[in-house]
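The values are calculated or read from the model by the stated rules, or taken from the named source; none is laboratory data. Here the structure is a predicted model, which means the values were calculated and not measured. In this analysis, Cβ positions are derived from the backbone assuming ideal geometry, glycine residues included, and neighbour counts consider all displayed protein chains.
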Amino acid sequence: MAVYITTSKNPSQKTKTLCKAFSKLLPGSLSENRGRKSIEQIFMRAKLLGKSRVMLVYETDALPSRICFMKIKAHSWEWAGVEIAIPKFRVFRIPAELPDEITANGPRGKEFDVLFDFDKPEGEDFIELRCERKNLSFVHRGKKLMELVL
């Protein structure tokens with residue numbers, strides 16, 4: 001699992017904050033501002049970086065509003081999963097050291113497991129993505145690190 005996270009073309013500080021939080025919580029991920037890159041250039045950048053997924057964080061009125069996913073293939077890309085609306089999010093204190101494994105649980109766990117292309121954790125220390133119907137929470141050792149209201 002490796003995700004390339006990028007923003008809309010002229011991101012606000014809140015969108016940048018959300019993308020940076022995702023890059024800390026999703027093992028092997030990298031966050032960069034989009035700038036003037038086209039969708040095709042984003043695909044090429046993700047491929048160059050060896051990422052299997054791209055997460056594009058769009059905004060409305062200077063606030064992150066939706067997330068779209070791309071699946072990177074050998075010579076092409078395709079949109080993956082459904083677009084996720086994020087009317088509200090909260091980033092809590094994220095420790096500098098986090099495990100490099102993550103798992104998705106809950107009613108929508110399988111959907112997000114496939115969407116992010118998670119590997120099954122081998123150890124007992126991992127980040128848990130709790131996938132409920134109306135929210136997503138990243139949790140480590142019982143502490144909430146980030147929550148998105150859907």
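Those residues that are touching a Lys or Arg at 6+ places or on another chain (Cβ under 9 Å), more than 15 Å from Leu26 (Cβ to Cβ) and part of a loop (DSSP other than H, G, I, E, B), I need them from the range 115-144; list them, please.
Asp125, Glu132, Arg133
Please work out which one of (1) under 18 Å from Ala21 (Cα atoms); (2) over 17 Å from the mean Cα position of the chain (by Cα) is the condition His140 fails and give its number.
It fails just one condition, (2).
For residues in the range 115-126 being more than 30 Å from Gln41 (Cβ to Cβ) and either modelled with pLDDT of 95 or more or crowded, with 17+ Cβ neighbours inside 10 Å (or both), which is farthest from the chain's Cα centre (by Cα)?
Looking at the filtered set, the residue picked out is Asp125.
Restricting attention to strands (runs of 3 or more DSSP E) lying wholly within the range 1-114, give those where 1 or more residues are in contact (Cβ under 8 Å) with a residue 60 or more places away in the chain, surrounded by fewer than 16 Cβ atoms within 10 Å (Cβ to Cβ) and among the charged types (D, E, K, R).
By residue number, 88-91.
Assuming Val57 fulfils every condition listed in (1) within 14 Å of the chain's Cα centre (by Cα); (2) over 23 Å from Lys134 (Cβ atoms) apart from one, which condition is it?
Failing condition for Val57: (2).
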